[in-house]
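Engineer: If you scroll down you'll find the structure; I have some questions about it.
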């Protein structure tokens, strides 16, 4: 409507831009588009590293995996509030490791160990709790086993944290099919609710000090509970109003036939998926299981695609899947694949023995494979400093 | 462009309609300002344009509202999104995405515009609003003024023909407000956008309005007219109009420029009067024009203040009891990598009112937080009375210093006024009934069982103030007290704070409101990037600054008058 009246003074807009999005602001943005990595690539890379972590219990390899992902995160994470979540994930991983160790100490384990470190008083349990032990001998073997196991889980968590830090789930959301977009936004808004809630709680606890009440302790937290919830709810309502006024949830008129086909396709597709899965899992359904599952999946996807026509949404600068993104995803996949291979060819190196207790050694070529995961740190440009 | 036909809105459970008899039209390309005291239904009227009233808020709308020919009864807000852009009071609750660029594109994505059109408009809007450097920044890291501009930009990109704004400059410092208003004016002039805007700070916006719709009392039909006509009868008016009414200028001047051109005669009269009776506010004028140094800390130059000044100086020498309500020495606060405050020296004397001014993010709130111990100094020392705030347990601290935060609601937890008062008495260790007595005095007519949430913005502020005052702190801090207050509530607050200062309370206000500072403060401290850049008597500091000078000062320069009240007193 108003393109004709474009203000004359606005920099960079006075030139006519006849050839689409990339012509009007020159090389700078093309370069930036090139540098942009698809968020999906980061998620694939991180999850592949996580998969690799599940293939081994060798603490040296796991530590190497953590170091690799941490290095990439440290050098390549953008300066957004999201990227700070990495620290939270690392803390969570540490907590998991500690809890695993604590359980190993108090609950004992069926592992026959010979190196007794200490003996805790054992709590006698009734007959029905047979097989469970509280306290008793704590052996070095039990502890080492728990450490390996916990470290595996911690590595997995840290890899997920890396995915969060490198590409926020909101960016990933932009790549969802149109029909799922609105659900996706609702989920993201719900997710931001929690950080807001925490910020509110902190502010209100601080305000308690102004009333002359202690601002620390559990009781303080309870007393601000209701106002915090009220505030968060009010903000959500305001956000909903703003989203509504900005066109969230607009639908396009589609012919009735298309609407019905969409419904039919989605329903039969989902039924097909259910039946197919059932077929695959039961013994006698081996023949029809896979084809039905595939057909159901195809029908559901077609339904989704057709459903996308009801929403007139378009995407602003969608993330493009460029060769660089492929390489990043591939480097992650290679790590996962090579470690899976190594786990089958050289299981003793990847799962160092606990009984008898031996020192883990660093298997050379699996370690080299893990280092492949460093590739993204050299492929992508470092993030810009915030202006 | 916008047409109201005999519109009335009644919310569910309300006895009276919130607005009624609204019948006017806003033609294309006009900027109409909606004015009126708090609670007359300005937000409801604005909501009716975007369709949020009644589709989102509930209630019953009678009559008809049409926007660009679309009836809001049959069109939901989302179906009006391509013609109406709405920005609410709080920009933060408006944002859906987390970076500036995505936020600008969001509305267009919902409307399904072609990618190349979106790209072009985002670039245009970034330039139009001066946001190009911030395009990749997360919104949470922006300042208030920047956020407000992003919010306006985000509704501009779909090129709506109507823009509805609810108090777009209330939370902004004077410079940022001018930035936003300049953008709005440009939209009206260059793009022919129709704007309907509600704003309490008339002194900032009135010169941009083509017409004004005045809602005088709740439920009364709006009065529509040119700004000069409406201002002649309006219960709310900016200082320039007040001065015009006082001097009986017709037609009323609306801008400082208009008023200055008429003011020669008034200046003359004031000069004569002043020469005859060289007292009153005289010493303000007779002060030599000083260059402001950083550490200059002059106690109030009020009538009779010289005595106190002498007295307090003497006490410094003779007794060990600190004469200052608070003393800050070489204070530095670092938050993360940012230095929020740098080497601040400040002493606050009892009975003194200080206005703390500066840009959004200059460190005003941090300084106040340091004084109540919410923020620990990185280096330097803070003393309030004889205590160090961040080491003092809260129950002791409330008797020394009280802070009314930016959002007074943060202080109120209970679900009735009575419960709030009982809790406040207990917290402060005051005799039962102290707080309730204060509330009755400050807020007559509030019943015990009122929920604090149901109070108006001004009433809530006063309730929070009463809660804080229950402990009788000698030092009282207020963060942005006039945000969302109309002129009546503001003048009540001014009277109240003046009385408190006269009783010997030291008061520190962090504010963007230059008129409030002019009326109330003895001393103004300007902060920029965490440093004190000016500290001195109000008249000296604000007179020399183009953005912090109140309207009366600008009109009557080079004479140094700050408020209409002073002028009135001098003339009588």
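Engineer: According to a simple spin-label model (label point 7 Å from Cα along Cα-to-Cβ), what is the distance in nm between residue B:220 and residue A:88?
Structural biologist: Inter-label distance under the simple model: 5.1 nm.
Engineer: Moving on to the next point. With only alpha-carbon pairs counted, each pair once and no self-pairs, how large is the Kirkwood hydrodynamic radius of segment B:2-237 in angstroms?
Structural biologist: 18.0 Å
Engineer: Compute the long axis of helix A:289-307 from its Cα atoms, compare it with the longest principal axis of the Cα atoms of chain A, and write down the angle in degrees, 0 to 90, nearest 10.
Structural biologist: The answer is roughly 40 degrees.
Engineer: Separate question: Under a point spin-label approximation (7 Å from Cα along Cα-to-Cβ), what is the residue A:362-residue A:251 distance to one decimal in nm?
Structural biologist: Here the answer is 6.0 nm between the modelled labels.
Engineer: Shifting gears a bit: Report the gain in length on full extension from residue A:111 to residue A:223: 0.36 nm times residue separation, minus Cα-Cα distance, nm rounded to one decimal.
Structural biologist: Full extension from residue A:111 to residue A:223 adds 35.6 nm.
Engineer: Exposure proxy check: A:128, A:82, A:321 ranked by fewest other beta carbons within 10 Å?
Structural biologist: A:128, A:321, A:82
Engineer: Give me the percent relative contact order of chain A, please, defined on Cα pairs under 8 angstrom at least 6 residues apart. The partial results should precede the final answer.
Structural biologist: On the way: 487 pairs, mean separation 106.0, N = 387.
Here the relative contact order equals 27 percent.
Engineer: Segment A:273-345: Rg/Rh from Cα coordinates, Kirkwood Rh?
Structural biologist: Taking Rh as the inverse mean 1/r over Cα pairs, Rg/Rh reads 1.17.
Engineer: Over segment B:408-472, what is the relative contact order in whole percent, taking alpha-carbon pairs under 8 Å and six or more residues apart?
Structural biologist: Averaging sequence separation for qualifying contacts and normalising by length gives 45 percent for segment B:408-472.
Engineer: What do you get for the angle between helix A:140-166 and the principal long axis of chain A? Use alpha-carbon atoms, 0 to 90 degrees, nearest ten.
Structural biologist: 10 degrees
Engineer: Okay, moving on. Could you tell me the center-to-center distance, by alpha carbons, between segment A:100-133 and segment B:385-433 in angstrom?
Structural biologist: Each part's Cα centre sits 52 Å from the other's.
Engineer: Additional query: Ratio of segment B:408-472's C-alpha Rg to 2.2 N^0.38 Å, to two decimals?
Structural biologist: Compactness ratio reported: 0.94.
Engineer: Could you line up B:23, B:540 from fewest to most neighbouring Cβ atoms inside 10 Å?
Structural biologist: B:23, B:540
Engineer: Additional query: Comparing A:182, A:141, A:122, which has the greatest mean-square fluctuation in the GNM of chain A with Cα pairs linked when under 10 Å apart?
Structural biologist: Top of the fluctuation ranking is A:122.
Engineer: Further question: If I take R0 = 22 Å and measure r between the Cβ atoms of residue B:568 and residue B:261 in this structure, what FRET efficiency does the formula 1/(1 + (r/R0)^6) give, to the nearest 0.05? Don't jump to the answer; show the numbers that get you there.
Structural biologist: Numbers: r = 21 Å, r/R0 = 0.96.
For R0 = 22 Å, the calculated efficiency reads 0.55.
Engineer: Right, next: With viscosity set to 0.890 mPa s at 25 °C, what whole-number translational diffusion coefficient in µm²/s follows for the protein assembly as shown from Stokes-Einstein and a Kirkwood radius over Cα pairs?
Structural biologist: The Stokes-Einstein estimate is 76 µm²/s.
Engineer: With n ≥ 4 as the cut-off for DSSP H runs, can you work out [θ] at 222 nm for chain A, using -39500 (n - 2.57) per run divided by the number of residues, rounded to the nearest 500? Please list the in-between numbers first.
Structural biologist: Values: 15 runs with 244 residues, N = 387.
Dividing the helical sum by the residues of chain A leaves -21000 deg cm²/dmol.
Engineer: Another question about this same structure. Give the separation of the Cα centroids, segment A:280-339 to segment B:206-279, in Å.
Structural biologist: For segment A:280-339 versus segment B:206-279, the Cα centre distance is 68 Å.
Engineer: If you take every DSSP beta bridge fully contained in the protein assembly as shown, what fraction is antiparallel? Give it as a percent rounded to 5.
Structural biologist: Given both bridge residues lie in the protein assembly as shown, the antiparallel proportion sits at roughly 55 percent.
Engineer: Determine, for A:288, A:248, the number of other Cβ atoms within 10 Å of each Cβ, and report the residues in order from fewest to most.
Structural biologist: A:288, A:248
Engineer: Gap in Å between the Cα centre of segment A:347-387 and the Cα centre of segment B:75-123?
Structural biologist: 44 Å
Engineer: Summarise the long-distance tail of P(r) for chain A by giving the % of C-alpha pairs beyond 36 Å.
Structural biologist: Here the tail beyond 36 Å accounts for 49 percent of pairs.
Engineer: Now for a separate question. Calculate the spin-label point distance for residue A:334 paired with residue B:531, positioning each point 7 Å from the Cα along the beta-carbon direction, and give it in nanometres.
Structural biologist: Taking the simple label geometry, residue B:531 and residue A:334 are separated by 5.3 nm.
Engineer: Could you work out how far helix A:256-281 tilts from the main Cα principal axis of chain A, as a 0 to 90 degree angle to the nearest 10?
Structural biologist: Approximately 10 degrees, to the nearest ten.
Engineer: Which FRET efficiency value, to the nearest 0.05, is calculated for residue A:75 and residue B:488 with the Förster distance at 51 angstrom and r the Cβ-Cβ distance? Each step should come with its number before you reach the end.
Structural biologist: Numbers: r = 58 Å, r/R0 = 1.14.
Once the sixth-power term is evaluated, E becomes 0.30.
Engineer: Same structure again: Ratio to report: Rg/Rh of chain B, with Cα atoms as the point set and Rh obtained by the Kirkwood method; give two decimals.
Structural biologist: 0.97
Engineer: With the radius of gyration and the Kirkwood radius both derived from the Cα set of segment A:75-126, what is their ratio Rg to Rh?
Structural biologist: Here the Rg-to-Rh quotient is 1.28.
Engineer: Using helices alone, I'd like the mean residue ellipticity at 222 nm for chain B: each DSSP H run of four-plus residues gives -39500 (n - 2.57), total over residue count, nearest 500.
Structural biologist: Calculated at 222 nm, the ellipticity per residue is -10500 deg cm²/dmol.
Each reported figure results from applying straightforward, stated rules to the coordinates on display, with no laboratory input. Everything numeric in this text was worked out from a predicted model, so none of it was measured. Cβ: placed from backbone, ideal geometry, glycine included. Neighbour counts: every protein chain shown.
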